[in-house]
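Here the structure is laid out as structure tokens; the discussion comes afterwards.
Values quoted throughout were computed directly from the atomic coordinates according to the rules given, and no laboratory measurement underlies them. Since the structure is predicted, the reported quantities are computational estimates derived from the model, not experimental observations. Positions of Cβ are generated from backbone atoms using ideal geometry, with glycine treated the same way; all protein chains shown enter the neighbour counts.
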Amino acid sequence: MRLLNLVSISLLTSFCCTAQDTTHHQFDIGFSDIRDFDDRFFGMRYRYYFDNLINKEGPHKLIPYLNQIDSITVSGFSIDDVDHLAIHAEKFTEDNLILSGYIKYIQDDVYHGKDKYYETSITLGQKLSENLQVGISGFYNYEKNNQVNTPSDSEFTVGPYIRWTSIENSQGWDLELKQYSGKKEYIQTQAAYYINKQWSLSLSSSVEMDDFDNNNIEIKTEYWFGDIASLRFGLGTKFGDGSGDIKSATLLTSIRF
């Protein structure tokens, strides 16, 4: 994993300032959406797009979605005794179906052995119109704890969602509502407004249905520097908490080449 870190930094240095006619690769580093079930990220991520991203319609961030470009992603990190690896793929079909899924593995070296965590997810979406998409996600996770007298644990979660995207001349709204039902139930929302091709503002929230005090709301902004690089930043806090303490954060740099 540490070798992957060195290779990734070399790629970032080599391509960040290079003008290109074609772009199929994206490299991300940082942390983002850390409270989400299916989109949380920490570390480094490489994504390959099966079509060129240059000269496509729409805001830079939404180009793969609006132009239905398939992709495959590998992400991971290694910090102290914790190793993480994930593989994700997304496929758009001619019947307006969207198929995606991922496999995730985390290993934590602790004094009593190695705790291991596995998670897999499959999502099936259907575009009902140019703007409207509905779908459902299924998540299964399994945690193996090597501590004496501590049993392993597993959970299955189902998450229907609805997404509305209305973009004209690289300006408009991207709205999403998700519900997760497992051992606990959550409602998550996201509203993103694209000011132009480069710049967007968004507001996301997460609320546990059985405990409304367990909630988070985060404001984010993202800016693309041409077709090549972007910076995303956000801060979140607990809704209705007068303390103003930071409960979540996003800081992510992306490079396309």
Here the relative contact order (percent) of the range 100-257, from C-alpha pairs under 8 Å and at least 6 apart, is 11 percent
Filtering trypsin sites (Lys or Arg not before Pro) in the range 150-215 by DSSP loop and by at most 12 other Cβ atoms within 10 Å leaves Lys183
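Charges only on Cβ, +1 for Lys and Arg, -1 for Asp and Glu: so what's the dipole of the range 135-257 about the Cα centre, in debye to the nearest 20?
Charge dipole, the range 135-257, about its Cα centre: 380 debye, nearest 20.
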From fewest to most C-beta neighbours within 10 Å, the residues Met209, Met44 line up as Met209, Met44
Among GluC sites (Glu not before Pro) in the range 127-214, those in a DSSP loop whose Cβ has at most 14 other Cβ atoms within 10 Å are Glu130
Cross-link reach from Lys220 to lysines, straight Cα distance under 18 Å and at least 8 residues apart if same chain, gives Lys61, Lys197, Lys238, Lys247
Charge dipole of the range 135-225 built from unit charges on the beta carbon (Lys, Arg +1; Asp, Glu -1), centred at mean Cα; most positive-end Cα among Tyr193, Phe139, Tyr180 is Tyr193
